[in-house]
Amino acid sequence: MAEQLEFDQTHQTLQDVSDALDSGRFVHVRRTLQDMEPEDIAHLLEASPRKSREVLWQLTDPEDYGEILDELSEDVKDNLVSKMAPERLAEATEGLETDDVAYVLRSLPDDVSREVLSQMDSADRHRVETALSYQEDTAGSLMNTDFVTIRSDVDVDVVLRYLRMKGELPDATDALYVLDAEEKLTGYLQLTTLLTSQPDVQISEIMEDPDEALSVTASDADVASLFERRNWVSAPVVDENNHLVGRITIDDVVDVIREDAEHSMMSMAGLDDDEDTFAPVFKSARKRSIWLGANVLAALTAASVSNLFEATLEQMAAIAVLMTIVPSMGGVAGNQTVALVIRGIALGHIGDSNKRELLLKEGAIGFLNGLLWALIIGGIVVVWKESWMLGGIISAAMMTNLLVAGIAGVTIPLFLKKMNIDPALAGGMALTTITDVVGLLVFLGLATIMIG
């Protein structure tokens with residue numbers, strides 16, 4: 001109920017702002033934007049057509065630019081950043097966490113990025129350059145360098161006085177990190193433990209071992225999986241020498257999980273997960289035409305199978321009426337398996353140790369569903385067309401295709417993953433092509449043999 005109310009309020013705000021822009025009430029729009037949070041302004045920008053978006057950006061308080069850019073999808077962010085002067089962009093990113101600045105700058109041309117970095121002070125520039133040096137989609141690109149460190153040879157009272165002197169802690173701080181003289185991570189101390197311990201207790205006695213510190217080269221998918229399983233709020237990041245180089249917080253991990261979900265959903269349609277909803281027509285058409293071209297090849301492959309049995313189709317019209325049923329059922333069954341396997345791969349549930357069991361399981365499901373629907377569809381065809389021969393043909397084809405769909409639904413994503421191809425991008429199309437070809441080949445082949 002609360003989500004629906006927020007959804008309605010967002011669309012009402014969008015409508016009010018659009019009406020105000022159309023009527024030229026720019027002062028009203030500026031005041032509305034000043035009362036909104038940066039993440040809400042980002043949502044408003046993404047939901048606005050491009051012309052309105054540019055006006056809204058000009059009416060937005062420049063002090064909020066950095067936080068807004070951090071919340072925008074990559075396509076929208078790049079479009080706005082490309083029109084900003086380097087010195088203005090440097091001002092916008094001032095005060096942002098290191099990983100957020102790196103996100104804003106990462107997709108910029110090298111010369112523009114260097115010019116923006118030159119506008120920063122040396123300390124900030126060094127931190128951002130270090131973040132940019134890590135490969136995208138790794139722990140290094142996600143982490144920020146805003147954390148609190150302590151020594152193990154002091155007591156609780158010393159640490160508490162140190163924290164009071166600092167005055168504030170970085171956002172999402174739930175632990176302090178214990179370093180030795182060489183800046184290596186030796187442990188961490190939960191704030192709850194610190195606050196409930198006696199003042200004279202030494203830190204070395206209550207700190208915990210950093211057994212699960214994240215490697216700076218770990219993939220963002222592995223990081224998200226660990227945060228999900230361990231229910232972390234933050235986690236330290238170390239280099240190959242166990243030096244503490246940063247920490248990752250839950251807000252960054254939530255972004256990774258959301259982006260991965262969007263990527264899987266959009267990839268199944270052949271779209272970029274960061275594609276602007278209101279991108280230019282020709283740009284969107286060009287991107288989508290590539291995927292449509294791939295689908296045309298798949299469709300022509302299935303059509304060529306039908307063409308092999310043209311004489312059979314001419315001889316018996318009932319075959320033409322029924323021929324779409326078998327490929328359709330195989331495609332649905334196979335895509336169910338593909339979705340399950342892609343999810344299992346993403347969650348780390350599937351590997352070399354259990355893929356054989358999964359293959360046998362899905363093959364058995366395909367066999368049972370094939371047997372069930374072969375009997376049902378076969379019976380319907382016998383009653384409908386009054387032909388035991390047609391009922392037997394479609395039953396055999398249905399049985400075969402659902403079994404193949406179950407096996408292919410497992411093997412295709414695993415094969416694509418092994419070839420470093422995104423299963424979400426190509427798995428569905430490859431599966432549909434196989435079930436169409438096998439379904440038509442078996443159905444029309446059996447019909448040709450029986451008619452002959």
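Compared with the dominant principal axis of the Cα atoms in the chain, helix 156-166 is inclined by about 90°. The count of lysine pairs in the chain that are at least 8 places apart or cross chains, and whose C-alpha atoms lie under 18 Å apart, stands at 6. Counting alpha carbon pairs within less than 8 Å and at least 6 residues apart, what relative contact order, in whole percent, applies to region 149-267? The normalised contact order for region 149-267 reaches 24 percent. Over the chain, the hull volume per residue, using the convex hull of the C-alpha atoms, is 217 Å³. Using the alpha-carbon positions of region 315-452, Rg (one decimal) and Dmax (whole number) come out as 16.3, 52 Å. With each label modelled as a point 7 angstrom along the Cα→C-beta vector, the R164-A85 pair spans 4.8 nm.
Over all distinct Cα-Cα pairs of region 149-267, the Kirkwood formula returns a hydrodynamic radius of 15.5 Å. Taking every DSSP helix (H) stretch of at least 4 residues in the chain, weighting each as -39,500 (n - 2.57) and dividing the sum by the residue count yields a mean residue ellipticity at 222 nm of -22000 deg cm²/dmol. Once the Cβ-Cβ distance of E208 and T301 is raised to the sixth power relative to R0 = 51 Å, the FRET efficiency obtained is 0.30. Summarising the overall dimensions of region 76-120 from its C-alpha atoms, the Rg and Dmax are 9.3, 24 angstrom.
In whole Å, how far is the Cα centre of region 404-452 from that of region 29-75? Cα centroid of region 404-452 versus Cα centroid of region 29-75: 46 Å apart. Relative to the longest principal axis of the Cα atoms of the chain, helix 50-59 runs at roughly 10 degrees. Each of the peptides 175-181, 427-433, 348-354 was scored by the mean count of other Cβ atoms within 10 Å over its residues; in descending order, highest first, they stand as 427-433, 175-181, 348-354. Full extension of the chain segment joining L308 with D239 gains 18.8 nm, where the gain is 0.36 nm per residue of separation less the Cα-Cα distance. Shape index of region 11-142: Rg/Rh, with Rg the Cα radius of gyration and Rh the Kirkwood radius from the inverse mean 1/r over Cα pairs, equals 1.01. The slack in the chain from R125 to D111, taken as 0.36 nm per residue of separation less the alpha-carbon distance, amounts to 3.5 nm.
At a threshold of 8 angstrom on Cα-Cα distance, excluding pairs fewer than six apart, so keeping six or more, what relative contact order does region 57-201 reach in percent?
Reported as a whole number, the value is 17 percent.
In a shell of Cβ-Cβ distance under 14 Å around L368, excluding L368 itself, what net charge do Lys and Arg (+1) and Asp and Glu (-1) give?
0
None of the figures in this text is laboratory data; all of them are computed from the coordinates on show. Keep in mind that this is a model prediction, so the values were computed, not measured. Using ideal geometry, Cβ is built from the backbone for each residue, glycine included, and neighbour counts are taken over all protein chains shown.
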